[in-house]
1. Of the residues that sit in the stretch 222-242 and are in contact (Cβ under 8 Å) with a residue 24 or more places away in the chain and surrounded by fewer than 17 Cβ atoms within 10 Å (Cβ to Cβ), which one is farthest from LEU187 (Cα to Cα)?
2. Looking at ILE154, ILE223, can you tell me which residue is assigned to a loop (DSSP other than H, G, I, E, B) and among the hydrophobic types (A, V, I, L, M, F, W, C)?
3. Would you tally the residues in the stretch 116-145 being surrounded by 14 or more Cβ atoms within 10 Å (Cβ to Cβ), assigned to a strand (DSSP E or B) and in contact with a Pro (Cβ under 7 Å, 6 or more places away or on another chain)?
4. Out of all the residues in the stretch 195-217, which are within 21 Å of GLU337 (Cα to Cα) and not in a helix (DSSP H, G or I)?
5. Return the residue satisfying two criteria in turn: it lies in the stretch 165-197 and is under 27 Å from VAL96 (Cα atoms) and without any contact (Cβ under 8 Å) to a residue 40 or more places away in the chain, and of such residues it is surrounded by the fewest Cβ atoms within 10 Å (Cβ to Cβ).
6. In the list ALA68, ALA99, ALA87, ALA79, which residue meets the criterion of being small (Gly, Ala, Ser), touching a Leu at 6+ places or on another chain (Cβ under 9 Å), modelled with pLDDT of 95 or more and over 22 Å from GLY133 (Cβ atoms)?
7. How many of the residues making up the stretch 198-221 are aliphatic (A, V, I, L, M) and either crowded, with 20+ Cβ neighbours inside 10 Å or at pLDDT below 95 (or both)?
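The values are calculated or read from the model by the stated rules, or taken from the named source; none is laboratory data. All figures in this text were calculated on a predicted structure; none of them were measured in a lab. Because the Cβ atoms are built from the backbone with ideal geometry, glycine has one as well, and the counts that use them run over all protein chains shown.
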Amino acid sequence: MTFIPSSDSTSARPHSWMALAASVIGGLLISVHAAAQEQVLNLYSARHYPTDEALYSNFTKATGIRIARVDADDAGILARLKAEGAASPADLILLVDAARLWRAEVDGLFQPVKSPALEAAIPANLRAKAVEGGTPWFGLSTRARVVVYDKLSIKREDVDTYEKLADPKLKGKLCIRSGSHPYNLSLFGAVTEHLGPEKTEAWLKGMVANMARPPKGGDTDQIKGVASGECAVALTNTYYLARMMRSGKPEDQAVTEKIGVVFPNQSSWGTHVNVAGGAVARYAKHPQNAVRFLEYLASPEAQNHFANGNNEWPAAQGVKLSNPALQAMTGGSFKSELIPISAVGMNQVKVQQMLDRVGFK
């Protein structure tokens, strides 16, 4: 007896095998895509600190996600994102200034993130305002903008507020970097929020009158200027000073022994802090990996690394500080201003116009 297959079975067999093959191939493709999704994070970073290398390697060890990094300054990163548009490979953006974070948000370069872990860790004033779909960016570490002064010629009480930097008694004694540098723009934007534009412009004009020399150099140069006698008062971010305090170089120790440090406005609105923060790029191809890395950077492990590795203040709530230089400056804590960082960014245009009018280079 010869078996003759029915027409149904002969016609169905090839189709069933094709369907099975397509299913297998499709599953493999999905698996490959998922694996790729988990294994790479394209990072554009304005953080140029060797100590951060441990953060990247520890994250990769813990998750298996490889970090492909592009380093540039804040302005360069924003320009690159705009030029690349939807073709940008960037997944995560790290910037080191509140004004630039705000600018990028306004320009639509970030996508909102919903993360209960980040919202629980990062205080509301150190992140962008929530919008539909989540929060555009989160602060990850802070840098206080403090006053350093010559302990032999200046009384601490004469420089214990930002406003006093414009007092005529300091004429010819102030060192400062460019007014248009992001660190100063952010401070001036904060002062504008506290005092209003009219009083802030008068304050800026007073500081110009008190300058010992035209603005130049970085924050470390301002600290050294006070120690050398070029000036008697200067502004700096805390992590520059902490770096010198922890240095083993005799010349750095000699500088820090000559100067005092004041966290201004402890009796009023508090000391200005700027933020370094992160955001998921608008056209991120691996957004889940980007959020995962942001959550890692807000963890106690990474926050302690920011503090101990690069002398920054933790942004996350409840993280204990163990950096000896930062503790020596303040006893471990200080009153910081609580205005929204986004407000500082929004004042930048006003501030730049004021600087032009008063001749603050």
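1. GLY229
2. That would be ILE154, the only listed residue that is assigned to a loop (DSSP other than H, G, I, E, B) and among the hydrophobic types (A, V, I, L, M, F, W, C).
3. Total meeting the criteria: 3.
4. Across the stretch 195-217, the qualifying residue is only GLY196.
5. Only one residue tops the list, namely GLY196.
6. None of the other options fit; the residue is ALA68.
7. 2
To keep it simple, each residue is scored yes or no on (1) touching a residue at least 60 places away in the same chain (Cβ under 8 Å); (2) of a type outside the set (D, E, K, R).
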position: GLY85; (1), (2): yes, yes
position: VAL96; (1), (2): yes, yes
position: ARG103; (1), (2): yes, no
position: LEU109; (1), (2): yes, yes
position: GLU119; (1), (2): no, no
position: GLU132; (1), (2): no, no
position: VAL147; (1), (2): yes, yes
position: SER153; (1), (2): yes, yes
position: ARG156; (1), (2): yes, no
